[in-house]
Amino acid sequence: MRNLKSSIEKAERMRARACSSPWRRSGAALAAALVLAASSASAFIERMYSLQEVLNESTHVVVGRLDTVDEKARTAVLAGERALKGPLDYPKINLNIALGPGPHANYMLELIEPGKPAIIFYKQQDKRMDALLHTADCWFQFVGNDDPKAREKVWWRLTHVEIRMGRTYNGATGDLIKLTEDVLSKRVAPPAPDPKVPPVNVNRPPLLAAKAGGQTNGFFRQIQLAAGADRGVRGVSFADVNGDGLPDVHLCRQTASLLLLNQGGKFRELAGEWGIGAGRRAGVWADYDGDGKPDLLSADFKLFRNQGASFKASDGLPAAARETAHGAAWLDVNGDGWPDALLANGEDGLRLYQNPGPGQGRFADISEPSGLGPKGPGATAGDYLAVFDANGDGRADFFYNSGEGLLALNHGDGKFRILRDTGLQLAAPGYKRGLAVADVDGDGDPDVFVPGPEGGRLLRNDNNGRFTDITARAGDLASLKGPCFAGAWGDVNGDGAPDLFVCQTAGPGCLLLNNGHGAFSDIAAQVGLEALTPSFAAGFADLDQDGDLDLVVNLKDKIVVAFNDLPRRADRQPVAVDLKVRQGAIGAAVRVLDEGRRLVAWREINGAASCGGQESGALLFHLPSGAYRLYAALSDGRLGRKELLIGTNLPLIKVTFADADCQ
């Protein structure tokens, strides 16, 4: 009896392995294998398949778009546009999603929407059709039965999300369509599968959407993503990683970092799937190789090159003798327009790596020639870096929170000079937190918020190498009493003056509204942000492209995206400025002058800010109606100019500086 039971269990294990390997090199290949897969929602494709194998085993490959999606009926219709392999037997493919397993059907319905491109690979054997569908950047398995006399009435049913097919191809559907065309025409070789791509988790919502808080005129419309309690919550940074014109969000955490891909105000978390999900203390973005895509510099001496819909670790950075993960920053040290990498290496000092430019080899270690390295300043343990033009000479300087803090001025010749007795220092010895920098008083130079163990300090830049503490007359900012970890500046009400969100680890969330005269009022309780505590990092960006700044906060156990629904000033219009240049963006400054050639606003594109993060490179201004001249001063010395005439009651105005606009 025991032997019989053992034999039965062994047979069942063998059957399960057969079902979980639906595409096989020998035997009945795709069709029979997918028949087995369709019988069980747990029968996923386990073995890695190359795209060439998928093509070999498919009798038909059809490209099209999702025509309709009916969430209530849980169905969709794919309009086939052209066949890449085999005939176009199905100009319309009816997709029955409702018959798929609950979590898989829900996952698909949250992702798909009309107009999305799609490509379907299927093998027809007799009447049986077994298919792999790729749409909304995800793989799904379907099965159908052909009826040549009534194909418009045939329904293909979902069997499951193909959670491991990301190893075959992990990226955008549009790119897969082009890749498939190129492979079939033999213009390119098919890529090898990537074993490092993790499986899709269908139990985690694929799209994070905001929920209204029941009130308007504030930040009540929020997305909250549970992230697990983490002792190493750090920076928030922004970059358009997939080139769709929307700012995406990167969040540093000790256990695992996150990448929220912006899909029009909804978000998809993709850090693990795209190869940058490891924990880190700091992460900053720049297009270091000039290919038009932002790449990631991580504080643990890792550089990740943007592949379009995934990231690949680069060997471009030299290895340090000892790597201690602390701060990371981009800055253009020598004014050639290519971002150089600055890494805080703890007691081994600051490491500076010069970017030789695309195709010129690896970064060069210039730490010691620049006056940095283990024998230079910053050889005592610090943590974070903030990059900004402290003295207005057009070159990126940096502040490092080592000791009492040090401010290093960039001479432009690859060397730095440390300024002493500037008044810019940490709020307390050893309280190593990140600075928040903005032109608070509108005088054309950067002022600084310094978090402290008992509130924070506001320092005015006197534009003479000195900073003056003006906290006492800063209203509610002077009333902060608890420990502050970080701050983020952003003009939330569109009046032209930057406001400040303060991250507190013991006190409530704090949003300080700038009245334009150096005083601030805390409005967090009125606008739905008071509960955002304990928080460790934050940042502002126009995530939903409606002309105002939304807030992202990295908290101990969750991430919150709070959309800005505050009333906007009727006498000012939102103007978004973007630099689409191959080089010179990091460290660039955009200045806005009125008809009288008076400076009315300016912003920098920095390479690091606050506690391991970075501000958005998409700059947002709010300007009264009138005529303006916009200047973009790039880090390589080129200057772009645009004329702008603003009327009233206009939607978001977008201004782009390309290389052709800058000389």
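The values are calculated or read from the model by the stated rules, or taken from the named source; none is laboratory data. Just so you know, these numbers come straight off a predicted model, no measurement behind them. All Cβ positions, even for glycine, are placed from backbone atoms using ideal geometry, and neighbour counts span all protein chains on display.
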Point to revise | Within the range 275-296, considering residues that are in contact with a Phe, Trp or Tyr (Cβ under 6 Å, 6 or more places away or on another chain) and in contact (Cβ under 8 Å) with a residue 40 or more places away in the chain, the one surrounded by the fewest Cβ atoms within 10 Å (Cβ to Cβ) | key: Gly275
Exercise for review: For the range 513-535, enumerate the residues that are touching a helix residue (DSSP H, G or I) at 6+ places or on another chain (Cβ under 8 Å) and either in a strand (DSSP E or B) or in contact (Cβ under 8 Å) with a residue 60 or more places away in the chain (or both).
Suggested key: Gly518, Phe520, Ser521, Asp522
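Looking at the range 558-565, is at least one residue closer than 30 Å to Gly507 by Cα, of a type outside the set (S, T, N, Q) and in a loop (DSSP other than H, G, I, E, B)? Spell out how you get there, then give the answer.
Applying the first criterion (closer than 30 Å to Gly507 by Cα) to the range 558-565 yields 558-565.
In the following step, the residues that additionally are of a type outside the set (S, T, N, Q) were identified as 558-563, 565.
Those still in the list that are in a loop (DSSP other than H, G, I, E, B) too: 565.
Looking for residues that are closer than 30 Å to Gly507 by Cα, of a type outside the set (S, T, N, Q) and in a loop (DSSP other than H, G, I, E, B), one finds at least one in the range 558-565, hence yes.
Take the conditions assigned to a loop (DSSP other than H, G, I, E, B) and either in contact with a helix residue (DSSP H, G or I) (Cβ under 7 Å, 6 or more places away or on another chain) or assigned by the TED database to the domain that holds Tyr169 (or both) and apply them to Glu181. Does it pass?
Details: assigned to a loop (DSSP other than H, G, I, E, B): no; either in contact with a helix residue (DSSP H, G or I) (Cβ under 7 Å, 6 or more places away or on another chain) or assigned by the TED database to the domain that holds Tyr169 (or both): yes.
Here the answer is no, as Glu181 does not meet what is asked.
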Exercise for review: Tell me which of these Ser610 doesn't satisfy, since it passes every other one: (1) closer than 25 Å to Val440 by Cβ; (2) at pLDDT 95 or above.
Suggested key: (2)
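When you look at Leu261, is it touching a residue at least 24 places away in the same chain (Cβ under 8 Å), closer than 17 Å to Gly539 by Cα and surrounded by fewer than 24 Cβ atoms within 10 Å (Cβ to Cβ), yes or no?
Values: touching a residue at least 24 places away in the same chain (Cβ under 8 Å): no; closer than 17 Å to Gly539 by Cα: yes; surrounded by fewer than 24 Cβ atoms within 10 Å (Cβ to Cβ): yes.
Here the answer is no, as Leu261 does not meet what is asked.
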Check your understanding: Quick one: what pairs do we get from the range 423-442, first residue among the polar types (S, T, N, Q), second in a loop (DSSP other than H, G, I, E, B) and crowded, with 20+ Cβ neighbours inside 10 Å, C-beta under 7 Å, 6+ apart or different chains?
Key -> Gln425/Gly405
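Which one of Ala150, Ala210, Ala192 is of a type in the set (A, V, I, L, M) and under 20 Å from Phe311 (Cα atoms)?
Working: Ala150 fails: under 20 Å from Phe311 (Cα atoms); Ala210 fails: under 20 Å from Phe311 (Cα atoms).
Only one candidate qualifies: Ala192.
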Exercise for review: State which residue is nearest to Asp443 (Cα to Cα) when the search covers only the range 500-539 and only residues that are touching an Asp or Glu at 6+ places or on another chain (Cβ under 6 Å) and surrounded by 18 or more Cβ atoms within 10 Å (Cβ to Cβ).
Suggested key: Asn514
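Is it true that some residue in the range 493-508 is under 27 Å from the mean Cα position of the chain (by Cα), β-branched (Val, Ile, Thr) and under 20 Å from Val552 (Cβ atoms)? It would help to see each step written out before you state the result.
Just the residues of the range 493-508 that are under 27 Å from the mean Cα position of the chain (by Cα), to begin with: 493-494, 496-505, 508.
Pick out the ones that are also β-branched (Val, Ile, Thr) and you get 502, 505.
So of that shortlist, the ones also under 20 Å from Val552 (Cβ atoms) come out as 502, 505.
Yes, the conditions are met somewhere in the range 493-508.
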Study note, to complete from the structure: Pairs returned, first residue in the range 300-318 that is more than 29 Å from Thr173 (Cα to Cα), second residue that is of a type in the set (Asp, Glu) and part of a loop (DSSP other than H, G, I, E, B), beta-carbon separation under 7 angstrom, 6 or more apart or interchain, are Asp300/Glu323; Phe301/Glu323
Check your understanding: So which residues in the range 175-204 are closer than 23 Å to Arg65 by Cα and within 20 Å of the chain's Cα centre (by Cα)?
Key -> Asp175, Val200
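Restricting to the range 461-476, name every residue that is in contact (Cβ under 8 Å) with a residue 24 or more places away in the chain and either part of a strand (DSSP E or B) or among the small types (Gly, Ala, Ser) (or both). Spell out the reasoning first.
Filtering the range 461-476 down to residues in contact (Cβ under 8 Å) with a residue 24 or more places away in the chain leaves 461, 463, 465-470, 473-476.
Asn461, Gly465, Phe467, Thr468, Asp469, Ala474, Gly475 - these are the residues of the range 461-476 that are in contact (Cβ under 8 Å) with a residue 24 or more places away in the chain and either part of a strand (DSSP E or B) or among the small types (Gly, Ala, Ser) (or both).
Per-residue answers, yes or no, for (1) under 17 Å from Gly607 (Cα atoms); (2) modelled with pLDDT of 90 or more; (3) more than 29 Å from the chain's Cα centre (by Cα):
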{"site": "Ser370", "(1), (2), (3)": "no, yes, yes"}
{"site": "Pro374", "(1), (2), (3)": "no, no, yes"}
{"site": "Gly378", "(1), (2), (3)": "no, no, yes"}
{"site": "Ala386", "(1), (2), (3)": "yes, yes, no"}
{"site": "Leu409", "(1), (2), (3)": "yes, yes, yes"}
{"site": "Ala436", "(1), (2), (3)": "yes, yes, no"}
{"site": "Asp443", "(1), (2), (3)": "no, yes, yes"}
{"site": "Gly456", "(1), (2), (3)": "no, yes, no"}
{"site": "Phe467", "(1), (2), (3)": "no, yes, yes"}
**Study point:** Of the criteria (1) closer than 18 Å to His250 by Cβ; (2) touching a Ser or Thr at 6+ places or on another chain (Cβ under 7 Å); (3) among the hydrophobic types (A, V, I, L, M, F, W, C), which one Ala585 fails
**Key:** (2)
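For a quick check of your reading: which strands (runs of 3 or more DSSP E) sit entirely within the range 238-302 and have at least 3 residues that are assigned by the TED database to the domain that holds Phe563 and either more than 26 Å from Asp348 (Cα to Cα) or of a type outside the set (A, V, I, L, M) (or both)?
Working: elements: 248-251, 258-262, 267-269, 283-286, 295-298.
By residue number, 248-251, 258-262, 267-269.
Would you check if Asp445 is touching an Asp or Glu at 6+ places or on another chain (Cβ under 9 Å) and surrounded by 15 or more Cβ atoms within 10 Å (Cβ to Cβ)?
On the way: touching an Asp or Glu at 6+ places or on another chain (Cβ under 9 Å): yes; surrounded by 15 or more Cβ atoms within 10 Å (Cβ to Cβ): yes.
Answer is yes for this residue.
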Review point. Can you tell me which residues in the range 223-249 are more than 18 Å from Ala488 (Cα to Cα) and not aliphatic (A, V, I, L, M)?
Key: Gln224, Gly228, Asp230, Arg231, Gly232, Asp240, Asn242, Gly243, Asp244, Gly245
Check your understanding: Name the residues in the range 593-627 that are surrounded by 21 or more Cβ atoms within 10 Å (Cβ to Cβ) and either assigned by the TED database to the domain that holds Asp248 or over 26 Å from Leu259 (Cβ atoms) (or both), would you?
Key -> Ala601, Phe621, His622, Leu623
Check your understanding: Does the range 40-55 include one or more residues that are modelled with pLDDT of 50 or more, surrounded by 20 or more Cβ atoms within 10 Å (Cβ to Cβ), aliphatic (A, V, I, L, M) and within 28 Å of Ala150 (Cβ to Cβ)?
Key -> no
